[in-house]
Amino acid sequence: MQTTLKKRLEIVIEAPVIDRLRRVLDDKGVSGYTIIPAVAGRGRHGRWNREGEISDTSRMLVLFAIIDPSELDDMLAAVYAVLSRQIGIVSVSDVQVVRDEHFRRTGKPA
Amino acid sequence: MQTTLKKRLEIVIEAPVIDRLRRVLDDKGVSGYTIIPAVAGRGRHGRWNREGEISDTSRMLVLFAIIDPSELDDMLAAVYAVLSRQIGIVSVSDVQVVRDEHFRRTGKPA
Amino acid sequence: MQTTLKKRLEIVIEAPVIDRLRRVLDDKGVSGYTIIPAVAGRGRHGRWNREGEISDTSRMLVLFAIIDPSELDDMLAAVYAVLSRQIGIVSVSDVQVVRDEHFRRTGKPA
Amino acid sequence: MDLFDLAAANLVSPPILFFLLGLIAALVRSDLAIPEAVAKAISIYLVMAIGFKGGVEMAASPLVAAALAIAAGILLSAAMPFISFGALRATSRLPRVDAASIAAHYGSISIVTFIAASDAGAAMGLAAAGFMVAVAAAMEAPAIFSGLALAGRREGEGGGTMIREIAFNGSIVLLVGAFAIGWATGERGMAMVEPFFGDIFRGVLCLFLLDMGLVAGRGLRRSAGKLDWRVLVHGLHMPLIGAALGLGLAIPIGLDPGSAALLMTLAASASYIAVPAAMRLALPEADPSVSLTLSLGITFPFNLVLGIPLYFAAAQWALG
Amino acid sequence: MDLFDLAAANLVSPPILFFLLGLIAALVRSDLAIPEAVAKAISIYLVMAIGFKGGVEMAASPLVAAALAIAAGILLSAAMPFISFGALRATSRLPRVDAASIAAHYGSISIVTFIAASDAGAAMGLAAAGFMVAVAAAMEAPAIFSGLALAGRREGEGGGTMIREIAFNGSIVLLVGAFAIGWATGERGMAMVEPFFGDIFRGVLCLFLLDMGLVAGRGLRRSAGKLDWRVLVHGLHMPLIGAALGLGLAIPIGLDPGSAALLMTLAASASYIAVPAAMRLALPEADPSVSLTLSLGITFPFNLVLGIPLYFAAAQWALG
Amino acid sequence: MDLFDLAAANLVSPPILFFLLGLIAALVRSDLAIPEAVAKAISIYLVMAIGFKGGVEMAASPLVAAALAIAAGILLSAAMPFISFGALRATSRLPRVDAASIAAHYGSISIVTFIAASDAGAAMGLAAAGFMVAVAAAMEAPAIFSGLALAGRREGEGGGTMIREIAFNGSIVLLVGAFAIGWATGERGMAMVEPFFGDIFRGVLCLFLLDMGLVAGRGLRRSAGKLDWRVLVHGLHMPLIGAALGLGLAIPIGLDPGSAALLMTLAASASYIAVPAAMRLALPEADPSVSLTLSLGITFPFNLVLGIPLYFAAAQWALG
Ligand SMILES: Nc1ncnc2c1ncn2[C@@H]1O[C@H](COP(=O)(O)O)[C@@H](O)[C@H]1O
Ligand SMILES: Nc1ncnc2c1ncn2[C@@H]1O[C@H](COP(=O)(O)O)[C@@H](O)[C@H]1O
Ligand SMILES: Nc1ncnc2c1ncn2[C@@H]1O[C@H](COP(=O)(O)O)[C@@H](O)[C@H]1O
Ligand code: NA
Ligand code: NA
Ligand code: NA
């Protein structure tokens, strides 16, 4: 099948700021994203584990968004502007998609 | 270590059709797959959030399967045949694995 | 933005041995990792599904760690030493990161 | 009690107030949220409890009355989609497949609304016959087939699988199963589990309605302004039409007022669990967000807050 | 009550019927499911409640009787794996390591079965001594060491860690801890928490057994036809052998009928939580699907539906 | 009862013992764990129940007394961060922003500690006035603003959003909402939901405190040895200072001993839910692990096990 190159942005981010991150992505008109839960991990800020937790503070979420390569720099800059002082990491990888049009920037969504 | 190139198929799909997708992958003899939950997201069909939800309709699952590059086209065609009208996205990336034999197509499994 | 190549190690592993795996990664001084839950899947050991389950035996977790390419071989060897007889799979892909220093090996963490 | 008193008593009962609290919390964007796993488990508990209690009360019900009520329910479920579809096509520009999907939702029932109405009836001293649980179960599926017919869909190859998927839908299996267990074990069984399935039921319902308020409010906030008002209004018309039809059938088959009010509530309610999932399988082109918003965001709050007291008042006025 | 009445009463009790409902729902592929998080939490609640109640009742138990029963339990747990292993090696072609792993499951106990049996005993008026909870806790681990010995495994470097992991397994810690708290706070403590740990217990058990039925049925459906029938039959032999041995030890140490029936049930049951996890750590070559299917798919339903009434009848016949 | 008896009775009550069980289980690295979804749902249940009961009891409370107590609470919440900040800067080398963040935690309150203290008071026959729930709600936020001022932060552009996020924080909305519902429905409402929100409350609290013990123990194990002892000691000083100030305000406004003990407990407790989340938004440079360890690992166990009986004894001595 005919495939097109896209970028997969993967952000591990502390839960309290997920809404800010979503707002940034929405404002940039990203075509979509998916958020998955994490249950445990480790980083420079130490280990964490969600078992039995009631506070959202040490909770991490993994957000990934498949975007057009042309949008990458702009998106990274916007993400870093908001998240630079927060707990989390960002990485980018190459992916191929079949339906190119599905992953194009849209106007700001509802 | 000696590694081999494989393809990582990643499918975000609405929960009500996950069994159909599994059947397709099983029929094609894919060697394995893993399904992880998503908690929120956005796409052309709008935003969603699983908090407090009791209906499965707007629930999304992320399935990934590591397959041999030779099987990719066949697999994508089969997946699209079933899911083209459903809510979800498909992407493919390159991965390296150490144990090649682990990811070879098998006969139809139980 | 200026990005650096890293490796994304992704391990699907049965839950009872997750602590052993974490110990291996900690001992190797990996800079961080994130663990996400899986809800269902299939492999050579058959199908599984977590709905309603109270036993951890057939539970799978997905751990990913972004590491420096120079550490990859060492890390893979250590992981296989511990997990070779356990249920699970390992794959590696390329990712780009913005903040290189964030993903460098550290001393053994707390 | 007259209608006004009924409505007032319903409005200031803890379950309804917790629903409104959830609705408001969602509208002001509070981060209050009940985890999905727990919300699902509570809905399972409520279905189990209502099914079991209905079964226990079957001892007191003549089987002929039960059969008549079930037949009435099936008729309502199968017929109402035609009314809903006709109305939608006449008043809105929704595509055929979307109108058919919405119509299937309105023919079928909302088990959550049924549970809230049963509880409200019990609180008013208007308990219903045990077989109303069987009526609720029987009304889940017929509307789906009417909806598919309206969409011009033949069952094709997937038909057998789909009928099976619908009939063995979790909430139907649980409702019918718990009903059968209640029937089989009767008062002796009830005595064994009353503290869990009986005593704490209304309190758990408060927690659940708080959750439903949060989810409904979030849905409303998200789709406010996106839906055509003619479609929105459908979500207020259909309950009234359904309730009227329900009452129209309850009278000739001789239901008591409490049971009649429940039949009205069933007809007035729109599915939020079984039908949406079936539509994703059978009519994937239909946009699920329209029907979900209507069902959970408009019709459910209407029924819960205003409809239920109205239906009880009407049933008592007509049959009391 | 004779055996037949007992079995009948057990069979038509809500907990057993909800288990059967779950089993059937899974076999007809219904999508009914209780979320994992809630299933785990319910199992924690049940262990807490049974442990606490056992502790409260310790006031009435002579410590010597408790010590004897615990010793009997440890003996059973350590010895039964040898019987299971011998039988499996004689009748099937299972590899040594798989046979050893299964044997460890049968020596150890199923806390869920124990809870169901305690509840059934209470419903029959055959309450057991409080120390039976301590017996259950004591029987979890010895079988694991017997199993490792049978597999020819030395504890090696990981030994210390493993002993610790087994002894501090969540369900053992909770059972022992709740038992100690019940013992320490006695009737005054019970009065404080009776509505939660006592009154609603049996209803929660219904919900939990529905879940266990769903999981057991799903497991059976998946592995049906894959398991050697000689292995399957082992899952029916072992409970009977275990129960017979349990009764054989209960008589000389002078247990009352209710406690004797629980000792039989413990011996007859196979672990589903602690041992499987320990085997993944200590004997990773053993295929977990065989032992899980046997334990949850064969032995658990057998014990729940037929075994428990049989053990109570036998205990009453021998000791009543 | 004298102080010693009170402390002893508190120590051997099931809720406290289950907390200690959790603490010990975590310290010996047991894998016992309650799923996150269920822990969150239980905390929601407890907040709902305590809010509702407080509201129901408002009928008996003079509004002037309520207003005075709320004013006292707001004063404590706003002022205590200055004390905490001063002490931390004088005794430790923590950066300004970290000290300010910790100070905000100590000015605000721990709703879990409040719930445990209310329950302990009820068990001792020292029930508090219903409006203490409103005092708890009013004390959540003021400390956050004091903390931001201490950090030298102006509210800037994000200010409006942040005030809104804090005021509509889930636990505040639920506490205030349930309080209002209890007040509106009164004894009639309580009669409808008593088995769920009343009877099983203390048992559920046992399960919840088991969980909190597990989480606190895990946190302690992880950060043991990493925290400066001068910071750790702050977690024991502040509750005593807070309790003394609470008592000092309770006397002039004429609170009864039970209510005074709750005001002391509120002042003595440190936030674990609302403030940590607010700090991640408003002061992201502050290291959350220090404040969380102090709040949940040091101050919470201290208050639960020793502080609460001490505060009740002191309140009764001063006001009884
Ligand atoms: N190298 C890494 N690979 C994968 N996940 C990571 C990595 N570093 C950090 N994380 C995740 O991001 C969280 C925050 O990282 P940090 O800010 O370094 O504490 C960690 O707790 C992990 O869940
Ligand atoms: N570009 C994207 N990147 C990541 N996830 C996406 C993207 N587009 C869609 N999704 C996910 O797939 C779901 C369905 O997408 P859609 O069919 O576009 O509504 C969304 O709700 C997201 O969870
Ligand atoms: N090819 C694959 N792609 C993705 N996940 C896999 C694959 N093979 C195995 N897995 C996952 O790893 C688990 C264990 O695999 P196995 O050891 O082959 O049974 C499976 O149950 C899946 O969750
Ligand atoms: Na209807
Ligand atoms: Na056994
Ligand atoms: Na405070």
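The values are calculated or read from the model by the stated rules, or taken from the named source; none is laboratory data. It should be emphasised that the depicted structure is a prediction, and the values quoted were computed from it without experimental measurement. Cβ placement follows ideal geometry from the backbone for every residue including glycine, while neighbour counts extend to all protein chains displayed. Heads up: the accessible areas ignore ligands, DNA and RNA and are worked out on the full protein's heavy atoms, side chains in. Shrake-Rupley method; radii C 1.70, N 1.55, O 1.52, S 1.80 Å.
Shielding by partners for peptide D:168-179, expressed as the average number of C-beta atoms from other protein chains within 10 Å of each residue's C-beta, is 5. Normalised by residue number, the volume inside the convex hull of the Cα atoms of segment E:1-157 is 193 Å³ per residue. Accessible area per residue (1.4 Å probe, heavy atoms of protein chains only) ranks F:Phe302, D:Phe145, F:Phe131 as D:Phe145, F:Phe302, F:Phe131, with the largest value leading. In a simple Cβ point-charge model (Lys, Arg +1; Asp, Glu -1; nothing else charged), segment E:160-266 has a dipole of about 540 debye relative to its Cα centre.
B:His45 exposes around 90 Å² of accessible area when a 1.4 Å probe is run over every protein chain in place. Sequentially through segment E:46-63, phi angles give Karplus couplings (6.51, -1.76, 1.60; θ = phi - 60°) of 5, 5, 4, 5, 5, x, 4, 4, x, x, 4, 7, 4, 3, 8, 9, x, 5 Hz, Gly and Pro residues having no value and appearing as x.
Loop-located trypsin sites (Lys or Arg not before Pro) in segment D:214-320 (DSSP state other than H, G, I, E, B) with a sparse environment of at most 15 neighbouring Cβ atoms within 10 Å: D:Lys226.
Across chain E, the relative contact order, built from alpha-carbon pairs under 8 Å that are at least six residues apart, equals 33 percent. Of the residues B:Leu76, F:Ala128, F:Leu245, the one whose Cα sits farthest towards the positive end of the charge dipole of the protein assembly as shown is B:Leu76 (charges of +1 on Lys and Arg Cβ, -1 on Asp and Glu Cβ, taken about the Cα centre). Between the C-alpha center of segment D:120-188 and that of segment C:1-77 there is a gap of 43 Å. Net charge of the neighbourhood of F:Arg202, taken over other residues with C-beta under 12 Å away and scored Lys/Arg +1, Asp/Glu -1, is -3.
For F:Lys226, the lysines whose Cα comes closer than 18 Å to its Cα, not counting residues fewer than 8 places off in the same chain, are C:Lys108. With q set to 0.10, 0.17 Å⁻¹, the log10 of I(q)/I(0) for segment E:88-231, from the Debye formula over equal scatterers at the Cα positions, is -0.51, -1.18. The simple spin-label model puts a point 7 Å past each Cα toward its Cβ; for F:Ala59 and E:Ala244 those points are separated by 6.6 nm. May I ask for the net charge around F:Gly186, where only other residues with Cβ less than 12 Å from the Cβ of F:Gly186 are counted and Lys, Arg are +1 while Asp, Glu are -1? So the surrounding residues net to 0.
State whether segment D:169-274 is rounded, prolate or oblate according to the following rule on the C-alpha gyration tensor (a ≥ b ≥ c being the square roots of its eigenvalues): a/c under 1.5 gives rounded; otherwise a/b larger than b/c gives prolate, and the remaining case gives oblate. It comes out oblate by the Cα gyration axes.
Given a 1.4 Å probe, show me the residues in segment F:195-209 buried by at least 40 Å² of accessible surface when comparing the whole protein assembly to the chain alone. Residues meeting the cut-off: F:Pro195, F:Phe196, F:Ile200, F:Arg202, F:Gly203, F:Leu207. Buried area at the E:F interface is about 2200 square angstrom, summed over both chains, from accessible surfaces computed with a 1.4 angstrom probe. Taking θ as phi - 60° and the Karplus parameters 6.51, -1.76 and 1.60, the scalar couplings of segment D:262-275 work out to 5, 5, 4, 4, 4, 5, 6, 8, 10, 5, 10, 10, 5, 5 Hz in sequence order, x denoting glycine and proline.
Give the separation of the Cα centroids, segment E:227-300 to segment D:272-293, in Å. First find each Cα centre; the distance between them is then 46 Å. In sequence order, segment C:52-63 has phi-based couplings of x, 6, 10, 8, 8, 4, 9, 7, 10, 10, 10, 10 Hz under the Karplus curve 6.51 cos²θ - 1.76 cosθ + 1.60, θ = phi - 60°, and Gly or Pro positions carry x.
Under 11 Å from a label point set 7 Å out along the Cα-to-Cβ vector of A:Leu5, the amide N atoms of segment A:53-78 belong to A:69-70.
Counting only other chain Cβ atoms within 10 Å of each residue's Cβ, the peptide E:39-51 averages 5.
Ignoring ligands, DNA and RNA, what percent of the 1.4 Å accessible area of chain F is carbon and sulfur? That fraction is 67 percent.
Translational diffusion of segment D:47-119, estimated by Stokes-Einstein from the Kirkwood radius over alpha carbon pairs at 37 °C in a medium of 0.692 mPa s, is 228 µm² per second. When +1 charges are put on Lys and Arg Cβ atoms and -1 charges on Asp and Glu Cβ atoms, the dipole computed for segment F:1-113 relative to its Cα centre reaches about 420 debye.
Charging the Cβ of each Asp and Glu at -1 and of each Lys and Arg at +1, and nothing else, the dipole of segment B:17-74 about its Cα centre rounds to 400 debye. Computed with a 1.4 Å probe over protein heavy atoms only, the accessible surface of the protein assembly as shown comes to 34 Å² per residue. The GluC sites (Glu not before Pro) found in segment D:131-222 that occupy coil by DSSP, while having at most 15 further C-beta atoms within 10 Å, are D:Glu155, D:Glu157. Counting only residues at least eight positions apart within a chain, or on another chain, the lysines with an alpha carbon under 24 Å from that of F:Lys40 are D:Lys40, E:Lys40, F:Lys53. For peptide C:11-23, the mean count of partner chain Cβ atoms within 10 Å of a residue's Cβ comes to 3. From the largest down, the protein assembly as shown spans 79, 74, 68 angstrom on the principal axes of its Cα atoms. Each helix, a run of at least 4 DSSP H residues, gives -39500 (n - 2.57); summed and divided by the residues of chain E, these come to -24000 deg cm²/dmol at 222 nm.
Shape class of chain C from the alpha-carbon gyration tensor: prolate, with a/c at 1.5 or above and a/b greater than b/c. Using a Gaussian network model of chain F in which every pair of alpha carbons under 10 angstrom is joined by a spring, one finds that among F:Gly160, F:Gly242, F:Gly152 the greatest mean-square fluctuation is at F:Gly160. Restriction of the trypsin sites (Lys or Arg not before Pro) in segment C:11-48 to DSSP coil positions whose beta-carbon has at most 12 other beta-carbons within 10 angstrom yields C:Arg44. In chain F, inverting the average of 1/r over every pair of distinct C-alpha atoms gives 19.5 Å as the Kirkwood radius. Both radii were evaluated on the Cα set of segment E:231-320; the Rg over Rh quotient, with Rh as the Kirkwood radius, amounts to 1.06.
Sorted from nearest, the other copies put their C:Tyr80 label points 3.7, 3.7 nm away, the label point being 7 Å from Cα in the direction of Cβ. Ignoring ligands, DNA and RNA, how much accessible area is buried between chains C and A, both sides summed, with a 1.4 Å probe, to the nearest 100 Å²? Chains C and A together bury roughly 2200 Å² of accessible area.
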